[in-house]
């Protein structure tokens with residue numbers, strides 16, 4: 001019994017501290033969810049009125065009647081409001097809810113751009129090359145913000161490789177293609193699994209819970225602004241996807257389109273890259289495992305082709 005009491009006490013303390021993290025950040029989740037939930041039917045009516053619909057075919061689109069798009073816009077609005085709330089709280093009040101405002105504002109801008117690219121593809125159908133260029137451009141912008149600019153250290157740090165003050169350019173040269181691989185790969189992975197009603201929404205919702213749990217665990221280890229950014233992005237993604245899911249589950253009343261799938265993929269890529277800022281392989285492996293289903297599905301699809 002003397003051995004069991006400390007163990008039980010440690011579990012209770014850990015649960016309490018985890019609950020404190022949830023208590024600090026639940027407004028981000030609530031705001032994202034409510035905005036997405038309210039915006040989705042509005043976007044649906046707008047899409048029907050403007051005839052922005054996905055028409056059925058006999059191959060990849062088995063639905064029997066046209067289904068409206070613009071669900072990705074609703075997800076974005078929820079996600080964007082969640083980030084905005086975190087920025088507002090960080091500036092005015094909450095001591096625990098601190099984020100780096102310039103970087104988070106830049107991430108919100110990157111999300112807007114990738115959503116608009118996906119929306120244009122939903123409306124006009126873009127060729128693969130312009131979409132790839134857009135993804136790369138957003139990835140380079142994230143690197144300019146500092147997201148993934150030193151990601152190479154995660155993979156070589158364990159081997160004792162370091163970059164001196166005069167070798168920062170070399171560090172960036174190695175980090176750029178890796179970061180672009182994360183961004184382009186994640187955006188395409190989420191796009192590929194968006195083939196059944198509620199599939200992409202549900203999968204990314206579960207993934208966001210995994211990201212939040214991982215980020216919260218790291219927050220309990222070290223209280224830094226970047227840790228909070230992971231938590232905010234995970235909860236904003238969960239809220240945006242969660243508010244959209246009731247309208248997207250089978251039979252779907254609205255589709256997210258590329259606007260939604262690419263946004264969710266970009267958000268996942270950013271979170272994984274932020275885990276890389278710890279410069280420890282175990283956190284990166286954990287983040288990749290959380291996102292493992294879309295990665296595996298994409299690799300399987302490429303192998304079949």
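Read the figures in this text as sums done on the coordinates, not as results from a lab. Just so we're clear, the structure is a prediction, and the values are computed from it rather than from any experiment. Cβ: placed from backbone, ideal geometry, glycine included. Neighbour counts: every protein chain shown.
Taking the Kirkwood radius as Rh and the Cα radius of gyration as Rg, segment 148-200 has a ratio of Rg/Rh equal to 1.23. The mean sequence distance of close C-alpha pairs (under 8 Å, at least 6 residues apart), as a share of the length of segment 141-248, puts its relative contact order at 23 percent.
Summed over qualifying helices (DSSP H, 4 residues or more, each -39500 (n - 2.57)) and divided by its residue number, the chain shows a 222 nm mean residue ellipticity of -26000 deg cm²/dmol.
Shape class for segment 158-256: oblate, because the ratio a/c of the largest to smallest gyration tensor axis (alpha-carbon atoms, square roots of eigenvalues) is 1.5 or more and b/c is at least a/b. Projecting label points 7 angstrom from Cα along Cα→Cβ for residue 156 and residue 101 puts them 3.6 nm apart.
Here the simple spin-label model places points 7 Å from the Cα toward Cβ, and for residue 221 and residue 45 these points are separated by 4.9 nm. Label zone (residue 174, point 7 Å along Cα-to-C-beta; backbone nitrogen cut-off 16 Å) within segment 263-305: 276-281. When only Cα pairs below 8 angstrom with a gap of at least 6 residues are kept, the chain shows a relative contact order of 29 percent.
Inter-part distance, segment 136-183 to segment 104-135, computed on C-alpha centroids, equals 23 Å.
Packing-wise, with mean Cβ within 10 Å as the measure, how do 257-263, 151-157, 178-184 rank, highest first?
Numbers: 257-263: 29.3, 151-157: 19.4, 178-184: 21.3.
Output ranking for 257-263, 151-157, 178-184: 257-263, 178-184, 151-157.
Computed from the Cβ-Cβ distance with R0 of 25 Å, the FRET efficiency linking residue 22 to residue 92 stands at 0.75.
Report the extension gain between residue 112 and residue 30 in nm, rounded to one decimal, defined as 0.36 nm multiplied by the number of residues separating them, less their alpha carbon distance.
27.5 nm
Angle of helix 257-275 to the longest C-alpha principal axis of the chain, folded into 0 to 90 degrees and rounded to 10: 10°.
For 271, 143, 254, 295, what's the fewest-to-most ordering of other Cβ within 10 Å of each Cβ? Each step should come with its number before you reach the end.
Values: 271 28, 143 20, 254 25, 295 14.
The fewest-first ordering by Cβ neighbours comes to 295, 143, 254, 271.
Cβ crowding within 10 Å, taken as a proxy for footprinting-reagent exposure, orders 150, 129 from fewest neighbours to most as 129, 150.
How much of the calculated P(r) for segment 222-286 lies past 18 Å, in percent of all Cα pairs? Counting pairs separated by more than 18 Å, the tail of P(r) holds 47 percent. Nearest 0.05, what FRET efficiency do residue 120 and residue 141 give at R0 = 25 Å with Cβ-Cβ as r? E between residue 120 and residue 141, to the nearest 0.05, is 0.90.
Shape call for segment 80-160 from the C-alpha gyration tensor, a ≥ b ≥ c root eigenvalues: rounded (a/c under 1.5), prolate (a/b greater than b/c) or oblate? Write down the numbers at each step before the final one.
On the way: a/c = 3.45, a/b = 1.18, b/c = 2.91.
Note, shape of segment 80-160 comes out oblate.
Exposure proxy for 145, 264: other Cβ atoms within 10 Å of each Cβ, ordered fewest to most, give 145, 264.
Once you have a ≥ b ≥ c as the square roots of the Cα gyration tensor eigenvalues for segment 122-214, tell me rounded if a/c is under 1.5, and otherwise prolate or oblate according to whether a/b is larger than b/c. Verdict is oblate for segment 122-214. Could you give the angle, 0 to 90 degrees to the nearest 10, between helix 168-192's Cα long axis and the longest principal axis of the Cα atoms of the chain? So the inclination is approximately 40 degrees. Against the chain, whose longest principal axis is taken from its Cα atoms, helix 4-50 shows a tilt of about 20°.
Translational diffusion coefficient of segment 201-243 (Stokes-Einstein, Kirkwood radius from Cα pairs, 20 °C, 1.002 mPa s): 210 µm²/s.
Of (1) 20.3, 64; (2) 22.0, 73; (3) 19.9, 69, which is the value of Rg and Dmax of the Cα atoms in Å derived from the coordinates here? Correct label, based on the coordinates given: (3).
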